[in-house]
Amino acid sequence: MRRPVAPVWMKTPSRFAVMSQSGARAMLALVLALVAATWLALAVPAAPPETGADHGTDMALYAAIVDGVRHGGPYYTVAAEAMRSGNYPMKPFVTMRLPTLAVSAAAMPPFAVVGLLYALAMATMIAWYRRLLPALSRPALATAMILLLGGMLAFFQSGLILFHEIWAGLLIALSLALRRPGRWIDAVALGLAAVLIRETAAPYLALMAVFAFFEGRRREAAGWILSLVVVVVVLVLHAQAVSLVVRPLDPASQGWDGMLGFGFVVRAIVDATALSLFPLAIAAPLVGIALLGWTAWHDPIATRMTALLAGYGLMLGLFGRLDTFYWALLIAPVSLVGMVFAVDGVRDLVRAASDSRRITVTRVIR
C-alpha cells in the first residue's frame, strides 16, 4: 500500500491517497469522462426569461399572493385567484406552493423579511466556515469561502426574497453543516423547515435518514423519518385545501418528464451560481471538478454532500424542464466548495495512476 504524501490544501490525505494503481486509473478515466460530459451543457438551451406564466413572472405571482394575504385574504383563495389570473397551472395540487413562506412574509414588514434572509445566509456561511476550519489550510479555507459566496450569489439578492428555493436551499445547507454525530435535532428541524417551504426538499430528509440508519444511529434515523411523516401529513392537508379552490376548467401542469439529461443538470447548476458569470464552456467543467472534490474529501459530510448532488442531479435530469432549472438552488450554496478538495484529489489520483514502482530481487540466499 502506498504511503500518502503531505496534502496540498487539505489537512489530511484525500480519499484517493492510498488507492491502488488499477483503481486510480479506473477512477481517473471516470473523472475525465465526467468532465468531458459536462460539455453536454452547451447543447442545452438557455432557460426562458419567464418561468411558467403567460403574464408576468413567478416573482410577481409570489408578491401578489403575499400582498393579498397581508391585506387579510385567506392564503388558498388568494393564491388560486393570482394563479388563475396569470394562467398558471393549478393541477395537480403541488403546483400551488405550501403557504409557509407567503403567510410568514405577510406577517412581517418587507425589511424584516430581507433581514431574516440575510441573517440566514450569514448563519450558513459561519456554520460552513466552522465545519471546514479543521479540514483545510488557511489559503484553502479562504478559497472555500469565496466559492461558498459564489454558490450563494442568488441568495443575497433581495429581489428573489419570495422565491421558495432560496430559503429551502439555505436551510438545507445550514442543516448539513450543523449535523454531527450526537447532534442532529437542530439539523432535522432545519431540514423539516426547508421542506415545509418547498416540498422538493424532501429528498434531503430521506437521504439523511438512510445515512443515519446504515451508520447504526437509530435515534437519529428515527428523527429524520419522523420529519418525513410530518411532511406527508402536511402535504395531505395541503392537497385537501387546494382541492377546495381549484375549478374543473383550471389548467393542469404539462408534467415533469423533461428527460433533459446530464447536460441540463450542469447547466442548471451553472445558472444557479456565480459560474453563470463565465462562458459556459469554462463553467461547465468546473461543475464536474467540484463533484470530484466532494468525493475526494474523506469525511461523512462530504459523502452526504456527494449523495445530495447525485440525487438532485438525477431528479433534475429525469424530471426537470427548462423552466424548472431553479430546482438547482436547493443544492447550489455549497456545491462549488468541492473544487477546493479537488486539488488534493486530482494530485493523488494522478500520482497513484502513474506509480511504476517494481520490486526487484537483487540477491538470492540458499
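Points worth noting:
- For the stretch 182-303: rounded, prolate or oblate by the Cα gyration tensor [a/c cutoff 1.5]: oblate
- Other-chain or far-sequence residues with amide H under 5 Å of LEU98's (modelled H): GLU199
- Table column - 3J(HN,Hα) (Hz), the stretch 232-239, Karplus curve with 6.51, -1.76, 1.60, x for Gly and Pro: 4, 4, 4, 5, 5, 5, 4, 4
- Entry note: the stretch 216-366 has Rg to Rh equal to 1.19, where both radii use alpha-carbon atoms and Rh is the Kirkwood radius.
- A cut-off of 5 Å between modelled amide H atoms, ignoring neighbours fewer than 5 places along the same chain, links HIS298 with ARG15.
- Using alpha-carbon coordinates, inclination of helix 280-296 to the longest axis of the chain, degrees: 70 degrees
- Amide H partners (placed H, <5 Å) of LEU136, local residues excluded: LYS11
- Neighbourhood charge, 11 Å Cβ-Cβ cut-off, centred on ALA154 and excluding it, Lys, Arg +1 and Asp, Glu -1: -2
- Table column - 3J(HN,Hα) (Hz), the stretch 264-277, Karplus curve with 6.51, -1.76, 1.60, x for Gly and Pro: 5, 4, 5, 4, 5, 5, 4, 5, 8, 10, 5, 4, 5, 7
- Ranking PRO181, PRO279, ALA36 by how far each Cα lies toward the positive end of the dipole of the chain (charges on Cβ) leaves PRO181 at the top.
- Spherically averaged projected area in nm², based on the convex hull that wraps the Cα atoms of the chain: 22.0 nm²
- The C-alpha atoms of the chain define a longest principal axis, and helix 58-70 lies at about 50 degrees to it.
- The sum of -39500 (n - 2.57) across all DSSP H runs of n ≥ 4, divided by the residue count of the chain, sets its helix-only mean residue ellipticity at 222 nm to -19500 deg cm²/dmol.
- Here the 3J(HN,Hα) profile of the stretch 167-175, calculated from phi with Karplus coefficients 6.51, -1.76 and 1.60 at θ = phi - 60°, is 5, 5, x, 5, 5, 5, 4, 5, 4 Hz, Gly and Pro shown as x.
- Here the stretch 68-166 is assigned +1 on the Cβ of each Lys and Arg and -1 on the Cβ of each Asp and Glu. Its dipole about the Cα centre then comes out at about 160 debye.
Taken together, the values in this text are just the output of simple stated rules run on the coordinates, not laboratory data. Worth saying up front: this structure is predicted, and the values here are computed from it rather than measured. Cβ coordinates were reconstructed from backbone atoms using ideal geometry, including for glycine residues, and neighbour counts include every protein chain displayed.
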